[in-house]
Amino acid sequence: MLNKTLNVGVIGLRMGETHAAGVKEVGNSQFLLNEEGHKIPAACLYAVCDINQARAEEVGRRLGAAHVYTDYKDMIADPALDAVITASPDQDHREMVENTLAAGKHILCEKPLALTREDCEAIVKAVKNSDRKFMVGQICRYTPGFKQAKEIIESGAIGELTFVESEYAHDYSHIYAAGSWRSDPARNGVVGGGCHAVDLLRWIAGDPEEVMAYGTHKTFADVTPYDDTHIAVLKFPNNVIGKVFISISCKRDYTMRSVFYGTKGTIIVDNTSPTMTVFKQDVFPGMDRHSMPITVPVDINNHNAAGEFREFFDIIANDKPVQTTVYEGANTVATCMAIYESAATGKPVKPKLFK
């Protein structure tokens, strides 16, 4: 059991500011007893780091970080630092994870784990050789609506799954116009953004055994070197089939609308809607309500960084096993790579999973 405040550092404040705020929220709401029996904060936003010094100083000042850095190596060298949230650009994850684990810190690493298989393999190896806790930040697993959908499915309320689908529909026009890190040619839309929808389906239905995908490159033909829209059909265990739609160029509001069909019911859920729709067979004896949806209120909170960090803290504080392991992160990337390969070759592909 942890009997000292967990000192946490956050790397990369473009995406990491939400994580930093999550650490602060947990630190303000959860407490521990130290060796003297005094109540102390469970966690502390000990340090923030960003190569943009002005951003690092502003976020650090606003959220009350004890230390501000522009070089993450200086931050992880501090022996008082216990854990790190790596929210840097995806292409930097490998180096930062290897160095941070070598420095003896626990890590919560943002999704996707990495952009290449080689980098995923290196991270898996580094985690295997470390005694520190390592968790991948697949945020959809902490989105209230998706969590509730999974609980309903696992309860058996909609019977056995037959078909699952999700989509990552997000217009990146403003992102590419601004020339941000997400416009790096190494970061295609399937691995970089579509990993959200792919990981959600993996979490619900398991690792797909085969994928068949197609891509198109119309809207961003002069913007990206890769297809901007993909559709993939996936074969999951237990005779479950599925579909993923991924677009980083669609002209609509952001959504991750997902549908889970079972032998006794259906769930329709989004990460941007305040309600979830459930169709269930025989809600009342003798009355068929397939055409009468049950509307269930849900908390939107589609970037629930505080909930994600709360689990990470609990894992460290109570020495619990990690659920979203390095293998979970790596196999989501492996499935995304299979989708990308299938679209490029026009052939079905079996994901090369990590074990």
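Summary table below
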{"item": "Matching residues, region 10-27, being over 16 Å from the mean Cα position of the chain (by Cα), within 20 Å of ASN318 (Cα to Cα) and open to solvent by less than 40 Å² (accessible area, probe 1.4 Å)", "result": "VAL23, VAL26, GLY27"}
{"item": "Pick from region 258-278, criterion of a type in the set (Gly, Ala, Ser) and more than 30 Å from GLY22 (Cβ to Cβ), ranking: modelled with the lowest pLDDT", "result": "GLY265"}
{"item": "Near pairs, Cβ below 6 angstrom, 6+ apart or cross-chain, from region 237-251 (more than 14 Å from ALA213 (Cβ to Cβ) and open to solvent by less than 40 Å² (accessible area, probe 1.4 Å)) to any residue that is part of a strand (DSSP E or B) and of a type in the set (Gly, Ala, Ser)", "result": "CYS250/ALA169"}
{"item": "Top-ranked residue of region 262-272 - restricted to ones that are out of contact with any Lys or Arg (no Cβ under 8 Å at 6 or more places or on another chain) and more than 11 Å from ALA149 (Cα to Cα), ranked as surrounded by the fewest Cβ atoms within 10 Å (Cβ to Cβ)", "result": "THR263"}
{"item": "Residue in region 316-331 that is closer than 30 Å to SER173 by Cβ and touching an Asp or Glu at 6+ places or on another chain (Cβ under 9 Å) present", "result": "yes"}
{"item": "Residue in region 143-157 that is out of contact with any Ser or Thr (no Cβ under 6 Å at 6 or more places or on another chain) and modelled with pLDDT under 95 present", "result": "yes"}
{"item": "Residue among ALA306, ALA221 that alone is more than 25 Å from PRO351 (Cβ to Cβ) and over 22 Å from the mean Cα position of the chain (by Cα)", "result": "ALA221"}
{"item": "Hits in region 117-145 (condition: within 12 Å of the chain's Cα centre (by Cα), assigned to a helix (DSSP H, G or I) and not charged (D, E, K, R))", "result": "ILE139, CYS140, TYR142"}
{"item": "Subset of region 279-302 (residues that are under 29 Å from the mean Cα position of the chain (by Cα) and either modelled with pLDDT of 95 or more or surrounded by fewer than 17 Cβ atoms within 10 Å (Cβ to Cβ) (or both))", "result": "ILE294, THR295, VAL296, PRO297, VAL298, ASP299, ILE300, ASN301"}
{"item": "Condition broken by LEU113, with the remaining ones in (1) in a loop (DSSP other than H, G, I, E, B); (2) open to solvent by 10 Å² or more (accessible area, probe 1.4 Å) satisfied", "result": "(2)"}
{"item": "Unique match (being among the basic types (Lys, Arg) and in contact with a helix residue (DSSP H, G or I) (Cβ under 8 Å, 6 or more places away or on another chain)) among LYS218, LYS133, LYS235, LYS125", "result": "LYS133"}
{"item": "Condition broken by GLY60, with the remaining ones in (1) free of Cβ contacts under 8 Å to residues at least 24 places away in the same chain; (2) open to solvent by 10 Å² or more (accessible area, probe 1.4 Å) satisfied", "result": "(2)"}
{"item": "Region 323-339, residues that are open to solvent by 30 Å² or more (accessible area, probe 1.4 Å) and part of a loop (DSSP other than H, G, I, E, B)", "result": "GLN323, THR325"}
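The values are calculated or read from the model by the stated rules, or taken from the named source; none is laboratory data. Model, not experiment: these values are computed from the prediction. With ideal geometry, Cβ positions are generated from the backbone for all residues, glycine too; neighbour counts draw on all protein chains shown. Only protein heavy atoms, including side chains, enter the accessible area calculation; ligands, DNA and RNA are left aside. Shrake-Rupley method; radii C 1.70, N 1.55, O 1.52, S 1.80 Å.
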